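Reading through the structure tokens given below for one structure.
The values are calculated or read from the model by the stated rules, or taken from the named source; none is laboratory data. Every value quoted in this text rests on a predicted model; they were computed, and no experiment measured them. Glycine also receives a Cβ, built like all others from the backbone with ideal geometry; neighbour counts cover every protein chain displayed.
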Amino acid sequence: MTVQEYTDKFIELSRFASNLIPMGKEKARKYAKGLTFKIQKSLGGIPSKTFQEAYERALNIFDILQTEEEVLERNKRKQFGSGPQQASGDNKPRYDNKDNNWGGKQPQG
């Protein structure tokens, strides 16, 4: 679930339970408690003063985490190769120019 999806759901549910979710710091704290652990961890335990501040911080962290994920995935593809240039299944013998022979065998014919 994205931060935006969670925020929309939080706002929708808070309308029905306005007496359970006060304004200000307490609303921001309850909002932050429902975020994913990665985002909570990135918030560093620093409480937001308002719901809006908590939302903006969470959105920023979510964007950073997604960018990090994309970069890691790109690097993983580069590391393991995705093209034919790294084909290791080529079992053809290599030409050994030193002895003028083909893989240690004399050509026949």
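Here is a yes/no grid of residues against (1) hydroxyl-bearing (S, T, Y); (2) in a helix (DSSP H, G or I):
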| site | (1), (2) |
| --- | --- |
| M1 | no, no |
| T7 | yes, yes |
| E12 | no, yes |
| A32 | no, yes |
| R57 | no, yes |
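Is it fair to say E56 is of a type in the set (D, E) and either at pLDDT 90 or above or more than 20 Å from the chain's Cα centre (by Cα) (or both)? Here the answer is yes, as E56 does meet what is asked.
Here the condition is being free of Cβ contacts under 8 Å to residues at least 24 places away in the same chain and surrounded by 10 or more Cβ atoms within 10 Å (Cβ to Cβ); of R57, R15, it holds for R57 alone. Somewhere in region 38-52, is a residue within 27 Å of T67 (Cβ to Cβ), at pLDDT 90 or above, β-branched (V, I, T) and not in a loop (DSSP other than H, G, I, E, B)? Checking region 38-52: at least one residue is within 27 Å of T67 (Cβ to Cβ), at pLDDT 90 or above, β-branched (V, I, T) and not in a loop (DSSP other than H, G, I, E, B). Of the numbered conditions (1) at pLDDT 85 or above; (2) touching a helix residue (DSSP H, G or I) at 6+ places or on another chain (Cβ under 6 Å), I21 fails exactly one; give the number of that condition. For I21, the exception is condition (1).
Tallying residues that are within 19 Å of the chain's Cα centre (by Cα), surrounded by 15 or more Cβ atoms within 10 Å (Cβ to Cβ) and farther than 11 Å from V3 by Cα within region 21-53 yields 3.
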